[in-house]
Amino acid sequence: MASSTITPPAAEDGRPPALVSGASFAGLSTAYWLNRLGYRVTVIEAAKDLRRGGTPVDIEGETIEILTRMGLADAVRARALPPRGFEFKDADDRTMGAIGAGTDVTGHERYEIHRDDLLDILLGAVADTAEILFGRSIDRLADGPEEVSVTFDDGTEGRYALVFGCDGNRSNTRRLVFGDGDQFTYFMGGYVFLKVVPRTDLLPAHMSQVYSVPGRMAMLNGYDDRTDIGFGFRTKGQIAYDYRDRAQQRRLIHDQFDGLGWKVPAMLDSIDADDDFYFDRLNQIRMPSWSSGRVALVGDAGYCVSPLAGFGGSMAIIGAGRLAQALERHAGDHAAAFREYEDGLRPFVEEVQQRAATNGLSTMFPADAAELAERDRKIAAGEIDF
Ligand SMILES: Cc1cc2nc3c(=O)[nH]c(=O)nc-3n(C[C@H](O)[C@H](O)[C@H](O)COP(=O)(O)OP(=O)(O)OC[C@H]3O[C@@H](n4cnc5c(N)ncnc54)[C@H](O)[C@@H]3O)c2cc1C
């Protein structure tokens, strides 16, 4: 599967070469569809292996439909997690409001799967059909009328009919093609931390619990064999930190949460063991266009909806599925395909982003005492659903 050479650009087997940057939900799904559409696919991933960890991914609606068309729905269902209840807790661990396990207000099929299990299933679906190169990144990219010329960070080069940026919230492809900096980043006013720990004594299995004080939130997700420890805090502006300095990020969490009640002390005791955790600002990516010439963005790279939406993984799979449908309908006309992909998906993306930036934020992360009191009133009145 992994090799160290870039396939030569000449499509000796007649299949146009396509490059995918990023091997996560967006990248592996896009690779799957491109192969089915007749492209010779190379996936590059900056990390040395799949980037694992994180909270489970919600599978529902169009995601199920697309996984079915990919022939993967049964494999995903087979690893679906048991339904999880949800409790809002106060400092004394009293339950202020709860949503029962298996409750689904829509009545539609909906389940969760561990992030790593879904990654393994998607990897299995492309491992034999795509060339996957780990530890590789794009250095330079020149988008021409007939092809995109790419120089990789190891000095090798390749030429591709199409290039897809599936490299996440801080997308390298977005930076190279659309410009540097944070111009497309909508900062939501907070930071999130997530660590999966192999202990199960913090809460019952198949339960989520959330404890909030103004501007800060502690969350636990319990499973049979592990627990997600989550922290989130609000800030007025962005804070300066080195994304490579994991000790500094842990210190930020301790600074915010040391001294808080509920189960926070036990949670903090569990986060110092190693550097294997997720920490990032809470942001969305809002771009005027998701494509330029022969390059298109898929998933978080083009339209990150934020962890608060609880929908990032699904959105990436939906994005890849919609892109494939458009490429199939407009075979040979990538510009028309990219337009259709974007016109069709953008209203849904904006709806999900809007919900996350309003309800999602005030429910999970009330900013101040007044917002927290209103959130608690809604919990008591049973006005909060998910
Ligand atoms: C380790 C990890 C843990 C996460 N945990 C959570 C969580 O707990 N809750 C939540 O809501 N969301 C989480 N996310 C984000 C969530 O996975 C995404 O919102 C969602 O999966 C969208 O998928 P994506 O494929 O667009 O982006 P991502 O899943 O972010 O994948 C992007 C991929 O691109 C790769 N990449 C980055 N830069 C380059 C480059 N220069 N060249 C090549 N490849 C590159 C990354 O290594 C990664 O594999 C996590 C993401 C990661 C990577």
Worksheet item: Is it possible to state the helix-based mean residue ellipticity at 222 nm for the chain, with each DSSP H run of 4+ residues giving -39500 (n - 2.57), the sum divided by total residues, to the nearest 500 deg cm²/dmol? What is it?
Response: -9500 deg cm²/dmol
Worksheet item: Which entries in LYS89/LYS263; LYS89/LYS378; LYS236/LYS378 show an alpha-carbon gap greater than 22 Å?
Response: LYS236/LYS378
Item to complete: May I ask for the longest run of the chain untouched by GluC sites (Glu not before Pro) that are loop-located per DSSP and have at most 13 neighbouring C-beta atoms (other than their own) within 10 Å?
Response: 147-382
Discussion item. Based only on Cα atoms, what mean projected area does the convex hull of the range 286-386 have, in nm²?
Written reply: 7.1
Practice prompt. Pop out the ³J(HN,Hα) list for the range 69-79 in order, Karplus 6.51 cos²θ - 1.76 cosθ + 1.60 with θ = phi - 60°, rounded to Hz; leave Gly and Pro as x.
Written response: 5, 7, x, 10, 4, 5, 4, 5, 4, 5, 10
Worksheet item: Per residue, how many Å² of accessible area does the chain show with a 1.4 Å probe?
Response: 43
Fill in: Euclidean distance between Cα centres, the range 257-323 to the range 124-171, Å
22
Item to complete: About the Cα centre of the chain, how large is the charge dipole given +1 on each Lys and Arg Cβ and -1 on each Asp and Glu Cβ? Please answer in debye to the nearest 20.
Response: 380
Worksheet entry | Carbon/sulfur fraction of accessible area - the range 277-375, other protein chains in place, 1.4 Å, % | 50
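The values are calculated or read from the model by the stated rules, or taken from the named source; none is laboratory data. Remember, predicted model here, so these are calculated numbers, not experimental data. Every residue, glycine among them, receives a Cβ derived from its backbone with ideal geometry; neighbour counts consider all protein chains shown. These accessible areas exclude ligands, DNA and RNA; they are computed on the full protein's heavy atoms, side chains included. Shrake-Rupley method; radii C 1.70, N 1.55, O 1.52, S 1.80 Å.
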